[in-house]
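The values are calculated or read from the model by the stated rules, or taken from the named source; none is laboratory data. All values reported here derive from a predicted model rather than from experimental measurement. Every residue, glycine among them, receives a Cβ derived from its backbone with ideal geometry; neighbour counts consider all protein chains shown.
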Amino acid sequence: MSRAAPLLKALGIPQSELCRATGLRTSAVSRICAHGEWPAFGAEQALQKIQTYLQSKGLTQEQLQELLTALQEKAAKARSHRAKAYPVNPPSTNETEPKDEPMLLQNQALTLEARKHFGLPRNPFVDDVQSQDDVFQTPSVRYVRAALVDCANNHGFLAVVGESGAGKTTLAEDLEERIKSDKRDVLVIRPYVLAMERDDAKGKTLKSSHIAEAIAYALDPQLKVKSSPQARFQQVHDLLKASRKAGRRHLLVIEEAHCLPLATLKHLKRFLELKDGMQRLIGVALIGQPELKDRLGSQNTEVREVMQRCELVELEPLDSELEAYLKHKFARFDLKYEEVLTPDAADAIRGRLIHIPRGGKTADARSMCFPLVVNNLVCRAMNAAAKAGWPQVDAQVITGC
């Protein structure tokens, strides 16, 4: 652990000010202060900006020298380790080599000891979203919520992408709650994807015929669906037209969409083309992990007709919203953020949740500061603090979890 973080704290200089001074992300500054790990590009410029900023704070020459030395003391060692771990020309991998997975912390129950220690009646991270008020809204979340509502009202075509634990399913459920509370006549159709896989070797693929059956069942549960494709799709078209004339709108929501077969992705455009005159009869919202973004990328010519029509929105990590998120979470249990976490804990969480893919470089680092991952890490840290008898969770506890 670098000496820089405690020195900054002692001098009353928050890391957030270094972010503004350098233009670096919070996670990057956290890694510099905590581990002496500088970005692969622009390190010299960042150091110069930090030095200029520190001089403006009126530090003595001794204080300035000590802090700059602390910031750089592990940099050479860190670069050496990175050079060994990530060679300039890494060996090529074959398909049998296991793929690197994003950082996912195993769920751990909040112990009775921790609940007593922090005065909690139950675990604030389990079944924690039970109403719309429980949904924490970052700018990214607000945009996705608005995009989903627009997709439902105007029969749009939308793909919501996010890492595991980013809150995608919560936002789909939030959409349904909003439709109910606003008393909008929108029918949300969600085909079951319990055993869906991209191919039939591992599970069952979701085909366009299954989607048609789901639409037909949602519109008329008693309907006997025709066996021939021509008759089945005609039934669906007629049902949608009749429902639309009655003033209802329709939204097809497909979760785990990154597991959709390529053929089904291509066929989704044809569901959008089911119209009554010039009016669309149904909208489509896909919800999936980052692989969905890759599959809908401009380089995939097989789905270009879908890619050109589909708006893709991505759920961003909490990062700068982390403190506000945890304050919101604890407030639902009448618990103050300051009673659980010390001022240096948030930066430690951001630094802890930086993921570098296997074979990648420091420049490939990305934040995994998503709600579920944060919940798991803070839960583990609260258990550790309670077990050690520490009054709060600080950076040292976070780093050790």
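Do we find a residue being within 18 Å of Glu213 (Cβ to Cβ), in a loop (DSSP other than H, G, I, E, B) and at pLDDT 90 or above anywhere in segment 267-276? Checked segment 267-276: at least one residue is within 18 Å of Glu213 (Cβ to Cβ), in a loop (DSSP other than H, G, I, E, B) and at pLDDT 90 or above.
Being surrounded by fewer than 21 Cβ atoms within 10 Å (Cβ to Cβ), closer than 23 Å to Arg366 by Cβ and modelled with pLDDT of 75 or more: is that true of Arg25 here? Write out each step before concluding.
Working: surrounded by fewer than 21 Cβ atoms within 10 Å (Cβ to Cβ): yes; closer than 23 Å to Arg366 by Cβ: yes; modelled with pLDDT of 75 or more: no.
Criteria not met by Arg25.
Taking the stated definitions as given, is Val393 crowded, with 18+ Cβ neighbours inside 10 Å, more than 21 Å from the chain's Cα centre (by Cα) and touching a residue at least 60 places away in the same chain (Cβ under 8 Å)? Taking the combined requirement at face value, the residue does not satisfy it.
Residues in segment 13-22 that are surrounded by fewer than 23 Cβ atoms within 10 Å (Cβ to Cβ) and of a type in the set (A, V, I, L, M): Ile13, Ala21.
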